[in-house]
Amino acid sequence: GISAVFFQSCREYEVEQSRTLVRAHGNEVTLRWNDVFLQLDRYAVGYRPGPVPHALGYLGFAAYEAVVPGMPEYNSLANLYNGLVVPRYDETLEYHWPTVINEVYAFMMKRFFFHMENSYPTEFGLIEKTRQELYAKYVAETSPEVMERSVLRGQEVARVFYDWERTDEAAHNAFLTPRPPYNAPSGPGYWAPTIPDFAQAMFPFWGQVRTFALREEEQLSRPPIPYSEHPESLFFAQAFEVYSMVKNIKNNGPEAYEQRWLAEFWSDDILGLTFSPPARLIAVADQVVKAENLNLEETVELYAKMGMSLNDISVAIWQSKYVYNLERPVSYIRRIMAQYYPDAANWTTILNNPIDGFQGVTPSFPAYPSGHSGFGGAGGKILSSFFEFNSKRPGTYTFTDQCHLYRTEFNGKPRTLASFKDLAYEDAYSRIPLGVHFRMDCDAGVLLGELAAQRVLELPWKK
């Protein structure tokens, strides 16, 4: 018995020795594809806020499953999900893992963003262009036989994941109809379309989308502060904070510069201007991955966890939004607070859209809880799990976010953050000075985001 076990482990060791492992490669392939995603995401009509994290979840998970055979300390997670059967592989054979990942991203992104092929041909063209550039580079690194096998592996796994994604009817191609017919409840305190564009509700049914780790009973946030129009109520106080902070910014009062900078730096609300709020966490992670020079194994793990967490929190936040249907600050301030503060009747947010010219915009879905806060909470916790409080770094991770370094249409000057919790909170509470959220929206969003990340971290990643 003992000799058989010994022989088995020796054989496994030999197999491992003869094959190149995922960790032997650098992070280039993933970072290149993230860059393509961020460029597509900037212009992808109907993609924000739900389909973006959804796509990131499937891309990250598919890339992980495609190369996990070359990650001996890691488990495949496919057996946790009904209907997901990842193709088997021959573990005695050599694969070029960056090529496998290259094919996964190319295959899935062409399908996730097919609606951009005619409207944004340059951006859509980046998919095939990037695939070919990386392929040409990798051809020189390995044999034609290994190359062909690796291409096939990537395509097979990507096809399986895309076919599995198609079985989620609430999510599949939902970006084609981001504003389906929806009968919102009406009455005091309930959400209604807001000035200046009065856009209809976005993704009212996104709460039905499949999650990777967050259980159904965990997908509803705690209830908001009870609605009240009384000037001494907690609800009124929350609205007063938003009203007065925005007024202070517009009047260049104390700390107005800092508050506006915070609000604009984290906004990412405007399609065509920047990448979306969930993708912002990918843009942040890219900077840290580069700075820390993660190997491919670590990189694949990070983006799988990040994408899956962002997917799950988008589902939970949007389910909660349309269960509580809470009105936005602008509605309450103009309707209720104007009775006490006459200038509140014409109050607007500081979110302006330079693309279509609308001023004082509010995103077109209920307030509670905040999406930015959920994405920040989830992304911050995933980043913390990699880069903070471990053997390499016993404390927090301080870094400078340079996402918007060269922006001229708003203050994109880099901000230095003392920790990833700091990042989550900045992302979340930037929504108050912008004028689009109550503080309670941000509180609830961060909490739910951290829970979504926690559930993903608890999956059996390691053997």
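A few notes on this one:
- Of all residues in segment 29-48 being assigned to a helix (DSSP H, G or I) and of a type in the set (Lys, Arg), the one that is farthest from the chain's Cα centre (by Cα): ARG32
- Residue in segment 155-163 that is open to solvent by less than 50 Å² (accessible area, probe 1.4 Å) and more than 28 Å from ARG210 (Cβ to Cβ) present: no
- Within segment 91-138, considering residues that are farther than 20 Å from TYR58 by Cα, in contact with a Ser or Thr (Cβ under 7 Å, 6 or more places away or on another chain) and in contact (Cβ under 8 Å) with a residue 60 or more places away in the chain, the one most open to solvent (accessible area, probe 1.4 Å): GLU94
- Looking only at segment 229-241, residues that are more than 14 Å from ILE333 (Cβ to Cβ) and surrounded by 11 or more Cβ atoms within 10 Å (Cβ to Cβ) come to 2 in all.
- Filtering segment 49-92 to residues that are modelled with pLDDT of 95 or more, in contact with a helix residue (DSSP H, G or I) (Cβ under 8 Å, 6 or more places away or on another chain) and of a type in the set (D, E, K, R) leaves only GLU65.
- Residues satisfying the stated conditions in segment 412-453, i.e. over 20 Å from SER384 (Cβ atoms), surrounded by fewer than 24 Cβ atoms within 10 Å (Cβ to Cβ) and either among the β-branched types (Val, Ile, Thr) or modelled with pLDDT under 95 (or both): ILE432
- Of all residues in segment 63-97 being more than 27 Å from the chain's Cα centre (by Cα) and charged (D, E, K, R), the one that is farthest from MET147 (Cα to Cα): ARG88
- For beta carbons closer than 6 Å, sequence separation of 6+ or different chains, a first residue in segment 274-298 that is more than 20 Å from GLN39 (Cβ to Cβ) and a second that is open to solvent by less than 10 Å² (accessible area, probe 1.4 Å) and aliphatic (A, V, I, L, M), the qualifying pairs are LEU296/VAL22; GLU297/VAL22; GLU297/MET71.
- Single match in ASP343, ASP356 (criterion: acidic (Asp, Glu), out of contact with any strand residue (DSSP E or B) (no Cβ under 6 Å at 6 or more places or on another chain) and either on the phi > 0 side of the Ramachandran plot or not in a helix (DSSP H, G or I) (or both)): ASP356
- Extreme residue, nearest to TRP318 (Cα to Cα), among residues of segment 368-388 that are aromatic (Phe, Trp, Tyr) and either in a helix (DSSP H, G or I) or open to solvent by 10 Å² or more (accessible area, probe 1.4 Å) (or both): PHE375
The rows are residues; the columns are (1) in contact with a Pro (Cβ under 8 Å, 6 or more places away or on another chain); (2) among the aromatic types (Phe, Trp, Tyr).
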position	(1), (2)
ILE317	yes, no
ARG335	no, no
TYR340	yes, yes
ASP356	no, no
PHE365	yes, yes
SER370	no, no
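- Qualifying residues in segment 389-411 (those that are farther than 30 Å from THR194 by Cα and hydroxyl-bearing (Ser, Thr, Tyr)) - the one least open to solvent (accessible area, probe 1.4 Å): TYR397
- Pair list, Cβ < 9 Å and 6+ apart or interchain, from segment 196-218 residues that are within 14 Å of ARG328 (Cβ to Cβ) to residues that are of a type in the set (Asp, Glu): ASP197/ASP356
- Residue that is farthest from ASN352 (Cα to Cα), among those in segment 185-222 that are part of a loop (DSSP other than H, G, I, E, B) and among the aromatic types (Phe, Trp, Tyr): PHE212
The values are calculated or read from the model by the stated rules, or taken from the named source; none is laboratory data. On a predicted model such as this, the values are computed, not experimentally measured, just so you know. Here Cβ is always computed from backbone atoms with ideal geometry, including for glycine, and neighbour counts include all displayed protein chains. Surface accessibility is based on the protein's heavy atoms, side chains included, excluding ligands, DNA and RNA. Shrake-Rupley method; radii C 1.70, N 1.55, O 1.52, S 1.80 Å.
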